[in-house]
Structures are given as C-alpha cells and as structure tokens.
Ligand code: NAD
C-alpha cells in the first residue's frame, strides 16, 4: 500500500492529515494506496512557501529558467514509461494511451522552453519628442492548478510549464483519484534544478479547492473538470478577485457527410469514441450522420467494435476499465436510460465479462438517438457512442450549435467547401476536419466554448503566456545628456 502526501518546498510534507482517501487500481478493483487530504492550514502553508519562493524565482534570468525547463524536459522524456505506468495503475487507461498523454504534456514543456521569445515585449521609439513607450509582461505570483482524474499528467502540464517559465510559483491540486503522477513530476522538477517552493502539490477534495479559491495569496486559478464544478470555481475565484480559467465538460459531435470516406470515419469513431474508455474531454460522444450512409457506417463501426479487447491496461488491451465503481455504474445507468427512452441499443457494453473486480464496461453503441434523450443531452464520460441520423448538413450543424457544450467537434467529408463552411459556422472551440480529436498543438491554445469553458483564456500557447502574466506599459522620457546629465561633451541634440 502506497501513501501519497503533499509536496511542499521541495519535500514531502510531514504534517499529519486529519482526512485521507483511498486510491484504487481500477483494473483489479483493489485499494492500492491512500492519499492525504489538505485542510485550509496546509493550503496556507503551501501558499506561504510559494509566496516566499516567488520573491526570487520572478527575478531568475530567462536563461536560468530555460535551463531548468530543458533539464525537466530531458528527465520527463527519460522517465515517460515510468510515468505512464503510474497513470495506468491509478487511472486504468492502457499503457499506450498513458504514454500518449505524457507526450502531449511534453509538448507544452517544449513550447515553454521558448519563453525568452514568448515574453518579448514591444517598443515604440520617439512617440513624442524624446519619449519612448514599451510593454513588458510580468509574473502574477503563486498560481493554483486544479486538475481532473482523466489526464493526471497532461492536464497539469497544460499549465505549469508555462506558469513556471513566466516566473510564477505553482500549487497543483491533482484529482484525489490518481494523485501519484503529480508527485512523480514534482520529484523530476527537483532533479531538474528548480528551486524549492516553486512547484508544490497539495492533495485533497472540495476543502482544499475552497481554501485555494479564497486564499488571498493565490493570484490565479486554472481549473479543469466537470461543468458544475468549473462554474463554481469560476464564480468563487473571480469573486475573490482572482484571474480564473475554468475548463468544463463536453459532448463532442462528429458530423459525417454522405461523401465522406466511410472507412476513415469508422476508424475515427472507434478511436475517438472508445479510446481511454471515453474518459476524454475530446472524446466523440455523438455521431451525426447525414443520410443515406448511416446503415453502411454502422456496419463498419460494429465490425471494428467486435475487435476491441477490453481488459487490464498493462496487458496489451485496447480499452481499460472506468476510473471508479461509482463512475462505472453511472455510465451503465445511462445505457439503461437510453434503452428506456427508446434508442436502439446496437452493442451493449454491459455484457463484457472479465475476471476479477475491476470497473469494467465494454464499448456501447446506440442508434436512432433523439435530441430529447438524456444520453444525448448529458455528458456520459464513458465508452458509449450515440448515432443521430439527420437529413441535411444544416440539421447537423443546428444540433451541434444548439448543444450546451462546445469543446470539440469534427466533420468528415471530401468536400473542402463544406468543411470550410463548417469551420466558419460551428460554435465550438476546437474543430477537426477529417480529424476526430482536434487537440491543438502546444503553440496554439486549448479550450472550448459555451459551457465547456468559463473565463477568457484558453490553455497554453500565446493565451497561456498571457494568462500567467500581467501586461505593463512604460512611457519614458530620458533627457538628452546636454540637459545636465553626465557631461561627456555630447553636442546639443535638438
Ligand atoms: P470533477 O469536476 O469531479 O473534479 C475536478 C477537480 O475538482 C478535482 O481536482 C476534484 O478534486 C475537484 N472537485 C471535485 N468536486 C469538487 C467540489 N464540489 N468543489 C470543489 N472542487 C471539487 O471532474 P473529474 O471527474 O475529475 O474529471 C472529469 C471531467 O473533467 C469531465 O466532465 C470532463 O469533460 C472534464 N474535463 C474537461 C477538460 C477540458 O479541457 N474541457 C479536460 C479534461 C477533463
């Protein structure tokens, strides 16, 4: 049994926790460890340490910061298999998925290595006689990052490399369901030469989140999780005067037009619908199929579904378990609701048989889903794919735009003009054209629209750098040396 505790000032906390939580291996259903939960006193201690560390980290040279970031990048790369194994053990996703997650996080570290260029300000000479104006961006101070269970390494890495590169100090509050990845990365930062106190991890649940949201020492909050909590975090954090970006839930539609390559579309539906057991905020949850191709597409998807091997993520399976028993049962209850509401259950994941007490649910497919059904309206966050049949592009677009979520979407077509219209007309933050999971590269910014994001800044890319810095503009007038400055015999400058 492992015991996970907080990481403060470059070492494990020795404070005894009043509360803690169990950590499970979802593939066996067994408790494999215990994680300490922070109270407001512990959060206060972490903020105090981060505030102290900020005094010197904000003055560290860009060269020094870049050297630490490069060293962290090397260590992360060398240890990516170890980190992936930690993720699989606590989250359940298959090892290749976990490795993919680390790689996407690494890309943000690599992006942040370019911080000297990213922090360059602007300069206008002689805006008035003898007057220059220039802009600089400065770090905020201690910042909080609160992350969900589904990407325990990548989601914190959407934020902390950028925050640290900009000169801030960081407190990460990972999901209590899979807390070990954040601690592993904290140890790598120490080895990379990051000064103690710049990167801290506090574990916990609502109590620790509330303490971060109201602590006057915390200058910004980057949150990722479900929509109700994202809304709560945004409202509470901004009320306390903090800068907040709160990324919420999703219900991503993949529109398939009649001229699409159906083999490509079927492969995409499988990967994006069932990869990571559907526990991805960019997972495809709804296929909007423009007739007359639905029957042909469903046949191709079914054939592929039959080949998906559900099982332990360390043993060569394609799809792992769900994260907890409670979540597994919640997803299964949506399957029941879909049947009751009249959708056609084409493949039923509840029939999957795997030895042991893991949190298993196989891939599930519904046809003839209607917009009024709960399986369409709500985020399921599991391996359940719904098909809605429509008659036209306009009907498909209308569905996507009317949905409360607007994280990601995709269109499958061979018509460039149709794709171009879609990218222009669709009210969603991230759009794929013949690409089912259009996660932006690190140098662009990640984020959705509508109830998928509260706040103005998306994650990483230029928006990330702006989120973690404050702009300052300096207007300066330096008189010519002939006006009483150091007299080196300058001729009078008119
Ligand atoms: P969650 O909202 O339950 O938890 C997220 C974080 O909030 C965790 O750190 C948790 O400890 C904390 N938390 C939970 N309840 C809280 C409360 N009442 N008050 C304060 N803090 C609380 O989300 P989850 O189940 O860990 O993650 C899955 C959700 O995250 C899905 O809805 C998914 O769509 C979303 N997600 C969104 C994105 C995105 O980019 N938009 C990315 C990944 C995950």
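No lab work stands behind these numbers, since they all come straight from the coordinates. Predicted model, so just to flag it, every value in this text is computed and none were measured. In this analysis, Cβ positions are derived from the backbone assuming ideal geometry, glycine residues included, and neighbour counts consider all displayed protein chains.
Relative to the longest principal axis of the Cα atoms of the chain, helix 80-91 runs at roughly 50 degrees.
Based on the mean of other Cβ atoms within 10 Å per residue, sort peptides 279-287, 95-103 so the most packed one is first. Can you show the working numbers first?
Numbers: 279-287: 25.7, 95-103: 20.6.
Packing order, densest peptide first, comes out as 279-287, 95-103.
Taken over the Cα atoms of the range 373-477, the convex hull encloses 158 Å³ per residue. A Stokes-Einstein calculation at 25 °C with viscosity 0.890 mPa s, built on the Kirkwood radius of the chain over Cα pairs, returns a diffusion coefficient of 102 µm²/s. The modelled label-to-label distance for the pair residue 239/residue 391, using points 7 Å beyond Cα in the direction of Cβ, is 4.8 nm.
Rg/Rh for the range 50-151 to two decimals, with Rh computed the Kirkwood way over all alpha-carbon pairs. List each step's numbers first, then the result.
Working: Rg = 19.2 Å, Rh = 16.8 Å.
Reported Rg/Rh, Kirkwood definition of Rh: 1.14.
Protection proxy ranking, highest mean first, for peptides 403-410, 35-42: 403-410, 35-42, where packing is the per-residue count of other beta-carbon atoms within 10 Å, averaged.
Per residue, the convex hull spanned by the alpha carbons of the range 279-324 comes to 96 Å³. DSSP bridge analysis restricted to the chain gives an antiparallel fraction near 40%, rounded to the nearest 5. The percentage of C-alpha pairs in the range 252-433 whose separation is greater than 21 Å is 45%.
Note on the range 1-94: along the principal axes its Cα atoms extend 48, 35, 16 Å, ordered by decreasing extent. The angle separating the long axis of helix 62-78 from the principal Cα axis of greatest extent in the chain is about 30 degrees. Taking only the Cα atoms of the range 25-66, the ratio Rg/Rh comes out at 1.31, with Rh defined as the Kirkwood radius. Eigenvalues of the alpha-carbon gyration tensor of the range 214-262, scaled by 5 and square-rooted, set the equivalent ellipsoid semi-axes at 37, 9, 7 angstrom, largest first.
Once C-alpha pairs closer than 8 Å and six or more residues apart are averaged by separation and normalised to the residue number of the chain, the relative contact order reads 18 percent. Each listed q (0.10, 0.15, 0.20 Å⁻¹) maps to a log10 I(q)/I(0) for the range 195-328 from the Debye sum over equal C-alpha point scatterers, namely -0.54, -0.87, -1.12. Over the chain, DSSP H runs of length four or greater, each weighted -39,500 (n - 2.57), average out per residue to a 222 nm ellipticity of -11500 deg cm²/dmol. Model label points for residue 462 and residue 41, set 7 angstrom from Cα along the Cα-to-Cβ axis, are 4.8 nm apart.
A P(r) calculated from all alpha carbon pairs of the range 121-251, with 10 Å bins opening at zero, reads 12, 40, 28, 11, 7, 2, 0 percent. Computed with the Debye formula from one identical point scatterer per Cα of the range 1-48, without solvent, the log10 of I(q)/I(0) at q = 0.28, 0.29, 0.30 Å⁻¹ comes to -1.03, -1.07, -1.11. Please say if the range 272-350 is rounded, prolate or oblate, where rounded means a/c under 1.5 for a ≥ b ≥ c the square roots of the C-alpha gyration tensor eigenvalues, and otherwise the choice is prolate for a/b larger than b/c and oblate otherwise? Oblate shape, in that a/c is at least 1.5 and b/c is the bigger or equal ratio. Here the relative contact order of the range 145-199, from alpha carbon pairs under 8 Å that lie six or more residues apart, stands at 40 percent. Which of rounded, prolate, oblate describes the range 362-407, given a ≥ b ≥ c as roots of the alpha-carbon gyration tensor eigenvalues and a/c under 1.5 marking rounded, otherwise prolate only if a/b is larger than b/c? Oblate, since a/c reaches 1.5 and b/c is not below a/b. Counted residue by residue at 0.36 nm each, then reduced by the alpha carbon distance between them, the extension gain from residue 132 to residue 261 reaches 40.7 nm.
How big is the Cα convex hull of the range 153-209 in projection, averaged over all directions, in nm²? Working shown, then result.
On the way: hull surface 15.3 nm².
If I average the Cα hull's projected area over directions, I get 3.8 nm².
Packing here is the average count of other Cβ atoms within 10 Å per residue, and on that basis the peptides 378-389, 261-272, 325-336, highest first, run 378-389, 261-272, 325-336.
For the range 178-270, divide the Cα radius of gyration by the Kirkwood radius and give the resulting Rg/Rh value with two decimals.
Working: Rg = 19.6 Å, Rh = 16.6 Å.
Taking Rh as the inverse mean 1/r over Cα pairs, Rg/Rh reads 1.18.
What relative contact order, as a whole-number percentage, does the range 437-494 give when Cα pairs under 8 Å and 6 or more residues apart are counted? It rounds to 21 percent for the range 437-494. Once the Cα atoms are used to define both axes, helix 227-239 deviates from the longest principal axis of the chain by about 20 degrees.
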